[in-house]
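The values are calculated or read from the model by the stated rules, or taken from the named source; none is laboratory data. Values in this document were obtained by computation on a predicted structure and should not be read as measured data. So basically every Cβ, Gly included, is an ideal-geometry build from the backbone, and we count neighbours across all protein chains shown.
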Amino acid sequence: MPKQLHQHHCVPLVPIFKNLNIEQTAVVESIVHHQQLPANSVLYQEGNRIDALSIIANGQIKVFRTAENGKEQLLYLLQAGDINGEAALFNQTEHNSTAITLTPTTVCTINRADFQNLLTRYPQVGMNVMNTLGSRLLELERQTTKSNTESVASRLADYLVETVSALNQNPVRLPLKNKDLATLLGTTPETISRYFKQWHEQHLITKLERHQIRLNDVDNLLLATSN
């Protein structure tokens, strides 16, 4: 059973709660529930009702759909500071994907009724939600443009840097297998392996055992892979 946490360290991570004073922040903290999930835990499954807003405090989660042939279609990753389940704030709907933790992960949740009461009490939070949704749309557009214009090497280097930062570990054990990482970046597992080998030989990274990688020179890695 997931371990419950008593420290409210999620609220400052997300922009929807910015500009709240101490009293207002305390109100938000009083309705937050914490869970510490081990790796390979199901946060939600496709078809489950969305009944809460989730905030990722730390760790990494993969969100995917299952195709008719049973294969996973990786959609995106959730990391520290990301929110999920915004649709529950406006109407009752179901998840169209499944989310599973890749690493030990701390998730904070606010149920739908509590959050709607919060919006009534503090309209500013509602405006922040709208701004956050707008930012997410811009980010999706940026990611689409990035996939179409940036090289696989550049996207892979960005993934490594972002993962090290999100998990606050270096060396880091990559949560995604090469085949899943290839799906995320729109390439092949062989290409991923080829870049890892090349960067290892250039001393930009060090490949360790058990799918661990250490970033030796972030600046030159990003420079070497820039378009």
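Looking at (1) loosely packed, with under 15 Cβ neighbours inside 10 Å; (2) closer than 29 Å to D180 by Cβ, find the lone condition where I22 falls short.
Just one mismatch for I22, condition (2).
So in the stretch 162-214, with the set limited to residues that are part of a loop (DSSP other than H, G, I, E, B) and among the β-branched types (V, I, T), which one is nearest to L77 (Cα to Cα)?
Once the filter is applied, the top-ranked residue is T187.
Taking into account only those residues within the stretch 180-223 that are surrounded by 15 or more Cβ atoms within 10 Å (Cβ to Cβ) and in contact with an Asp or Glu (Cβ under 9 Å, 6 or more places away or on another chain), which is farthest from T66 (Cα to Cα)?
Across the stretch 180-223, the extreme among qualifying residues is L204.
What pairs come up if the first residue lies in the stretch 52-71 and is at pLDDT 90 or above, the second is in a strand (DSSP E or B) and of a type in the set (G, A, S), and their beta carbons are under 7 Å apart, counting only those six or more places apart or on different chains?
I61/A99; V63/A99
Quick check on L74: is it under 13 Å from A99 (Cα atoms), touching an Asp or Glu at 6+ places or on another chain (Cβ under 8 Å) and among the hydrophobic types (A, V, I, L, M, F, W, C)?
Considered against the rule, which asks whether it is under 13 Å from A99 (Cα atoms), touching an Asp or Glu at 6+ places or on another chain (Cβ under 8 Å) and among the hydrophobic types (A, V, I, L, M, F, W, C), L74 comes out as yes.
Quick one: in the stretch 72-81, of everything that is part of a strand (DSSP E or B) and more than 14 Å from D180 (Cβ to Cβ), which residue is modelled with the highest pLDDT?
Here the residue is L78.
Give me the residue from the stretch 41-71 that is in a strand (DSSP E or B) and of a type in the set (S, T, Y) and, out of that set, surrounded by the fewest Cβ atoms within 10 Å (Cβ to Cβ).
Within the stretch 41-71, the match that is surrounded by the fewest Cβ atoms within 10 Å (Cβ to Cβ) is T66.
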